[in-house]
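Data block below; observations after.
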Amino acid sequence: MDSATVARLLMIPDSSSVAFGKVAEQLDGAPTGFSARFFHAYTRDEETNSVIAFMDNDGAMVSIESLYVQRIMLNVLAPKYFCTVAFGLMAITAYRHIGISAWFQEDFPGCCRQR
């Protein structure tokens, strides 16, 4: 995948600053993976957005099994449907390229503008 496809997959908008980190296996059974933490012009001050990709080791290949939108915090400058479109691109990219599933935390506070 090229960088634009990876960015869509992880809901990372253009002109973002991004840091990747390894995620260890969790006590709740969540597998290892990596996190993409990013911020951009529409991120709330003092906040960082985060998407985690959980992986499955399959021999010499690592495949992404699922995505987890950990945190999306937007400021009032974000266009009205910014997160909705980003999530749609994420889902379409996942379906087209790797067939993964994506879900939100039950109490996910994001994908809405600060009021």
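The values are calculated or read from the model by the stated rules, or taken from the named source; none is laboratory data. Note that the structure is predicted; figures quoted are calculated from it, not measured. Here Cβ is always computed from backbone atoms with ideal geometry, including for glycine, and neighbour counts include all displayed protein chains. Accessible surface is based on the protein model in full, side chains and every heavy atom, while ligands, DNA and RNA are left aside. Shrake-Rupley method; radii C 1.70, N 1.55, O 1.52, S 1.80 Å.
Taking Thr5 as meeting all but one of (1) closer than 16 Å to Ile64 by Cβ; (2) out of contact with any His (no Cβ under 9 Å at 6 or more places or on another chain), write down the number of the exception.
Here Thr5 meets the rest and fails (2).
Considering only residues that are under 17 Å from Phe82 (Cβ atoms) and free of Cβ contacts under 8 Å to residues at least 12 places away in the same chain, which ones fall in the range 3-13?
Result: Ala7, single match.
Would you check if there is a residue in the range 49-56 being in contact with a Lys or Arg (Cβ under 9 Å, 6 or more places away or on another chain), modelled with pLDDT of 80 or more, open to solvent by 20 Å² or more (accessible area, probe 1.4 Å) and within 14 Å of Ser16 (Cβ to Cβ)?
For the range 49-56, residues in contact with a Lys or Arg (Cβ under 9 Å, 6 or more places away or on another chain), modelled with pLDDT of 80 or more, open to solvent by 20 Å² or more (accessible area, probe 1.4 Å) and within 14 Å of Ser16 (Cβ to Cβ): absent.
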